[in-house]
Amino acid sequence: MDNYVNKNNNSKRKLGIYIHIPFCVRKCYYCDFLSFGGCNDKFDSYVNSLVKEIKTEGSRYNDSYVVESVFIGGGTPSILKTVDIARILNVLKETFEIDNNAEISIECNPGTVIPGFFDKIKAAGVNRVSIGLQSALDDELKLIGRIHTYEDFLNTYQMAKEAGIVNINIDLIHSLPEQTKEKYLQTLNKVIELKPKHISAYSLIIEEGTPIADMKYSFPSENEDIEFYELTERILTEAGYNKYEISNFALEGYECKHNIKYWTLDEYLGFGLGSSSMMIMDGKRTRWHNITNLDKYIAGDYSHEDISVIEGREDMAEYMFLGLRMTEGISVDGFLRRYGKSIESIYGDIIAKHTDEGLLKTVDNRIMLTKRGVELSNYVMKDFL
Amino acid sequence: MEKQSQDKIRNFCIIAHIDHGKSTLADRIIEMTGLLTEREMHAQVLDNMDLERERGITIKSQTVRTIYKAKNGEEYVFNLIDTPGHVDFNYEVSRSLAACDGAILVVDAAQGIEAQTLANVYLALDADLEIMPVINKIDLPSAEPERVKDEIEDVIGLEAQDAPLISAKNGIGIEDVLEGIVNKLPAPKGDAKSPLKALIFDSLYDAYKGVIVFVRLMDGKVKRGTQIKMMATGATAEVVEVGYFGAGRFIPCDELSAGEVGYITASIKNVKDTQVGDTVTEMNNPCKEALPGYKKVLPMVYCGVYPADGAKYPDLRDALEKLNLNDASLQYEPETSIALGFGFRCGFLGLLHLEIIQERLEREYNLDLVTTAPGVIYKVYKTNGEVIELTNPSNLPDPSEIDYMEEPIVSAEIMVTSEFIGAIMDLCQQRRGRYLGMEYIEETRALLKYELPLNEIIYDFFDALKSKSRGYASFDYELKGYEKSELVKLDILVNREEVDALSFIVHKDTAYERGRKMCERLKDEIPRHLFEIPIQAAVGGKIIARETVKAMRKDVLAKCYGGDITRKKKLLEKQKEGKKRMRQIGNVEIPQQAFMSVLKLDEDK
């Protein structure tokens, strides 16, 4: 084996696990994720299949790994019954060694949570909750097809707190239709008042084929989009949040462990329909995703698709463009350790060019995007491919 | 194969306006004469290049020999000589016609006579051909065969009352056509005992046989071992093989003699030695004089052709060499552009020819190309008395050295239904057309005659014509000559640097308009950079139009969807891919398609 592999004290490799729940009450107008609205009759059979997958597929890896994070995402995982969520987590515990300090997150839609929900899932092991708020203004929520109001969200948030869940993330989306700077500021202010430990703030991407792409709303211009981005950064930083990744803000010590794995090329294993995995197999980073056909998955087809081995320059490219998403950037020494070559010898020209343009900087032997570089991150990142 | 006496031979062609059913009728004739089974028939036997089939036009003429057993019990040899169907290839058409004794004129029963119908009829009459009209597509609901018959008689003056009424597509009336060929079209007249005199009406390069020359023997005989000479080019060679044209195959025979149509292969390396229109004779026993009408085919339209990837320059050169073996009318010479690197200035018969060559280079030779705006040959009269034939705008001398310039003018005939006359006249006016006159073909249709500068019609005139007449106008033109004109070179500056490959020559009255549109177009084509990029159009150093590509403000993907790294990577890769197809001019990256954007200046956005 080689130096790609992280090892902890008991010499087991660290792992993140992602569980996909592809169901929603209804799809939001902007969503092009793998999820289905109104399939309530399939929940049970899906969970059965999921549990089977974790047992059978998981047993291939369980001996050599200790799980540091679990992320149940979707879709809307909170659409499931709490017993199902508990069942999934129990099977994980039976199949894998889960670290005592593991971060166990679940995504929730405020329109789906009923009293008692958080107590039960907390008892099952969940210690981090990510609530999809997107906007604190009801008219905006309606325009993008959310199923909940701001008040629904507040109730959900309170329930989570009352259940004793400390680590709560709130998801926001800006550059929504008809959104103004003033309206977005209202959302930001309402959110920081609640002092969640973590805030993700994304910019709306209009994906082709989604209903919103055909709607005749006025969308914020590119300039306004930048203003929203800057506003997010200013308001949240002033409120004590630390921007540790392009779209992610956290109070000290509450950075999302699971997400960081994606940016730092750590191993993660996905279960459930269409979920992605990246595992080191025979010393090579290998990526794949599960099949995306729901009925086949329910019938027990766990085949992998788009399997690709990432090595050499491609591996370096990912190391760079994913690492640059992190505010702390890329370690010059880390690169050397990982690849046995200096970052200068591989990317010297590109780094110099973007440093001249004021988009990259090197601080304490780490290479990172400048403020302007973050705004133009795609422009910078693509050069490393 | 037995020798045929001349009176059992019919050499003919089919002429028609595009889409009136020429190739389909040819297929039916081949089918009905029974040399091919249906299984052997491709959809259209004659158009054997993929490209031709896709575009529905015949580019390279093909010829087929078939045997027909007529109702009178005799067997006849039919040599069906195919002619290209586009104005770009007018000269080839005229030579193909010269190889025939008769012609079948196909007219669409619904559309009637069109511009190319007339142009082709005139060519056929010039070649002294007997013309047999045929009314096609009689099965269409909108067919008006009687009206079309009258039209043929009124407009062309051909007897049309007993013209076969057919549907080539559905095989109706084909036998009438076959009998008509026997009874109405003349047999060849030639003297087999006179010295060899044969017309070259086509040639092609075959990897195995070398150059294959398509000939119509007027007089004399030719066989293996005959020492031949091309009278215009002076090339000589010894005949290796003679033969007939099967459908898609070459069938060798012992001898070709007067009145027959066939092919010759000889020790000839280059198609350039076997120019269409030239006369083949015997070296030691030459005929007295060559056949009339030979002219060297000259390109009318020029453009720069560059490999998208500079490293592919040798591949492009090889590909052009190979295409040139088959297409002597393609001309090319190396040139260098500051913006595009090494490439070739290529000359074409017309815009269609240009597009065909470009597509063949891309498809058959797998090349990714950048082409510059097509232009014509301008004559530049310098103050020192020198005359330059200008094909590349970059080579225009300094204005102080220019006395005056001339541009090529064409005579154009446009056939259009009366409701669109106004729109078409406006279009011709915009394109600096000079109105010559108008004739009514019938109550609702007129033939407009204009003189137009060639550089106004090579871009998109045909498309504009079609769109302004809802597809009904048809168009034909021929080069008339050169005329003095007030022309200027329009330069494009990107970030204050002149981009040579974007320069073009325009009339001074349209320079501002074109310059403005060009800047607008480029503004859309050039992606945002970190800095602002001015795009300017200039004439003689004076800026006449300007647009600005604003600086990039933001390019961030603020969401990476869960573990789906591949998705983000794909987006980045797409951006990167886009970047590869860019050309670096100074510190600005210009997408390759921007160099072609001049072509689309008249498209409405």
- line: Here the residues within region B:293-348 that are of a type in the set (D, E) and either open to solvent by 40 Å² or more (accessible area, probe 1.4 Å) or within 20 Å of B:L454 (Cα to Cα) (or both) are B:D309, B:D315, B:D318, B:E321, B:E333
- request: Test A:F249 against the criterion of being touching a residue at least 12 places away in the same chain (Cβ under 8 Å), under 20 Å from A:I131 (Cβ atoms) and hydrophobic (A, V, I, L, M, F, W, C), and give yes or no.
  value: yes
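Going residue by residue through region B:527-535, is there one that turns out to be in contact with a Leu (Cβ under 8 Å, 6 or more places away or on another chain) and either surrounded by 16 or more Cβ atoms within 10 Å (Cβ to Cβ) or within 14 Å of another protein chain (Cβ to nearest Cβ) (or both)? Before the answer, list the steps.
Within region B:527-535, the subset in contact with a Leu (Cβ under 8 Å, 6 or more places away or on another chain) is B:530, B:534-535.
In the following step, the residues that additionally are either surrounded by 16 or more Cβ atoms within 10 Å (Cβ to Cβ) or within 14 Å of another protein chain (Cβ to nearest Cβ) (or both) were identified as B:530, B:535.
Yes, the conditions are met somewhere in region B:527-535.
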message: For region B:249-258, check the following and say yes or no: at least one residue is farther than 24 Å from B:E321 by Cβ, in contact with an Asp or Glu (Cβ under 7 Å, 6 or more places away or on another chain), open to solvent by less than 30 Å² (accessible area, probe 1.4 Å) and not basic (K, R).
response: yes
message: When you check B:K312 against the structure, is it under 19 Å from B:L204 (Cβ atoms) and either in a loop (DSSP other than H, G, I, E, B) or of a type outside the set (D, E) (or both), yes or no?
response: no
task: Kindly list, by first and then second residue, each pair from a residue in region B:543-554 that is touching a residue at least 24 places away in the same chain (Cβ under 8 Å) to a residue that is open to solvent by less than 40 Å² (accessible area, probe 1.4 Å) and of a type in the set (S, T, Y), limited to pairs with Cβ atoms under 9 Å and residues at least 6 apart or on different chains.
output: B:M552/A:Y379
message: So A:S35 ticks every box in (1) open to solvent by less than 40 Å² (accessible area, probe 1.4 Å); (2) out of contact with any helix residue (DSSP H, G or I) (no Cβ under 9 Å at 6 or more places or on another chain); (3) more than 14 Å from chain B (Cβ to nearest Cβ) but one. Which box is left unticked?
response: (3)
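Identify the residue in region A:284-318 that is more than 14 Å from chain B (Cβ to nearest Cβ) and among the small types (G, A, S) and, among all such residues, is most open to solvent (accessible area, probe 1.4 Å).
Residues of region A:284-318 that are more than 14 Å from chain B (Cβ to nearest Cβ), as a first pass: A:284, A:291, A:293-303, A:311-312.
When the remaining residues are screened for being among the small types (G, A, S), the result is A:299-300, A:303, A:312.
Values: A:A299: 85, A:G300: 26, A:S303: 49, A:G312: 39 Å².
Here the residue is A:A299.
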- prompt: In region B:291-307, which residue that is at pLDDT 85 or above and hydrophobic (A, V, I, L, M, F, W, C) is farthest from B:E333 (Cα to Cα)?
  reply: B:L291
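Which is in the same structural domain as A:D32 (by TED's automatic domain parsing), among the polar types (S, T, N, Q) and either part of a strand (DSSP E or B) or under 22 Å from the mean Cα position of the chain (by Cα) (or both), of A:N169, A:N223, A:N189? Give the steps one after another, and end with the answer.
Working: A:N223 fails: either part of a strand (DSSP E or B) or under 22 Å from the mean Cα position of the chain (by Cα) (or both); A:N189 fails: either part of a strand (DSSP E or B) or under 22 Å from the mean Cα position of the chain (by Cα) (or both).
Within the list A:N169, A:N223, A:N189, the selection yields A:N169.
Helices (runs of 4 or more DSSP H) wholly in region B:96-192 with at least 2 residues that are of a type in the set (D, E, K, R) and at pLDDT below 90 - which ones? Step through it out loud before you land on a result.
Details: elements: B:115-126, B:145-151, B:174-184.
It comes to none.
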task: Filter region B:506-540 for residues that are part of a strand (DSSP E or B), over 30 Å from B:Q575 (Cβ atoms) and in contact with an Asp or Glu (Cβ under 8 Å, 6 or more places away or on another chain) and give the result.
output: B:H507, B:A538, B:V539
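So which residues in region A:231-253 are in a strand (DSSP E or B) and either within 10 Å of chain B (Cβ to nearest Cβ) or crowded, with 17+ Cβ neighbours inside 10 Å (or both), if there are any at all?
Initially, region A:231-253 is screened for residues in a strand (DSSP E or B), giving A:242-245, A:248-250.
Correct list: A:K243, A:Y244, A:E245, A:N248, A:F249, A:A250.
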query: Name the residues in region B:187-246 that are among the charged types (D, E, K, R) and buried (at least 21 other Cβ atoms within 10 Å of the Cβ), would you?
result: B:K197, B:D202, B:R216
- request: Within region B:467-481, count every residue that is within 22 Å of B:F89 (Cβ to Cβ) and open to solvent by less than 70 Å² (accessible area, probe 1.4 Å).
  value: 6
statement: Cβ pairs under 8 Å, 6+ apart or interchain, first in region B:178-193 and of a type in the set (K, R), second open to solvent by 40 Å² or more (accessible area, probe 1.4 Å), ordered by first then second residue, are B:K184/B:E130; B:K189/B:Q6
message: So in region B:324-378, with the set limited to residues that are touching a residue at least 60 places away in the same chain (Cβ under 8 Å) and part of a strand (DSSP E or B), which one is nearest to B:V297 (Cα to Cα)?
response: B:F348
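Tell me the residue from B:Y440, B:Y450 that is in contact with a Cys (Cβ under 7 Å, 6 or more places away or on another chain) and in a strand (DSSP E or B), please. Give the derivation first.
Values: B:Y440 fails: in contact with a Cys (Cβ under 7 Å, 6 or more places away or on another chain).
Answer to the selection: B:Y450.
Do we find that B:E547 is away from chain A (no Cβ under 14 Å) and either assigned to a strand (DSSP E or B) or under 25 Å from the mean Cα position of the chain (by Cα) (or both) in this structure? Before you say what the answer is, go through the steps one by one.
Numbers: away from chain A (no Cβ under 14 Å): yes; either assigned to a strand (DSSP E or B) or under 25 Å from the mean Cα position of the chain (by Cα) (or both): yes.
Taking the combined requirement at face value, the residue satisfies it.
Please find, within region A:121-148, the residue that is farthest from A:E107 (Cα to Cα) out of those that are open to solvent by 50 Å² or more (accessible area, probe 1.4 Å) and assigned to a loop (DSSP other than H, G, I, E, B). Let's see the steps before the verdict.
So the first thing to find is which residues in region A:121-148 are open to solvent by 50 Å² or more (accessible area, probe 1.4 Å), and the list is A:122-123, A:127, A:138-139, A:142, A:147.
Then keep just the ones that are assigned to a loop (DSSP other than H, G, I, E, B); that gives A:127, A:147.
On the way: A:N127: 12, A:I147: 15 Å.
Within region A:121-148, the match that is farthest from A:E107 (Cα to Cα) is A:I147.
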- line: So, first residue among the small types (G, A, S) in region B:277-290, second residue open to solvent by less than 50 Å² (accessible area, probe 1.4 Å), Cβ within less than 7 Å, six or more apart or across chains; the pairs are B:G277/B:R95; B:G277/B:I200; B:G277/B:G293; B:A290/B:T279
message: Exactly one condition in (1) crowded, with 22+ Cβ neighbours inside 10 Å; (2) facing chain B (nearest Cβ under 9 Å); (3) assigned to a helix (DSSP H, G or I) is false for A:F228; which is it?
response: (2)
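The values are calculated or read from the model by the stated rules, or taken from the named source; none is laboratory data. Note that the structure is a prediction, hence the values are computed from the model and not measured. Positions of Cβ are backbone-derived with ideal geometry, glycine not excepted, and every protein chain shown enters the neighbour counts. With ligands, DNA and RNA removed, areas are computed over all heavy atoms of the protein, side chains included. Shrake-Rupley method; radii C 1.70, N 1.55, O 1.52, S 1.80 Å.
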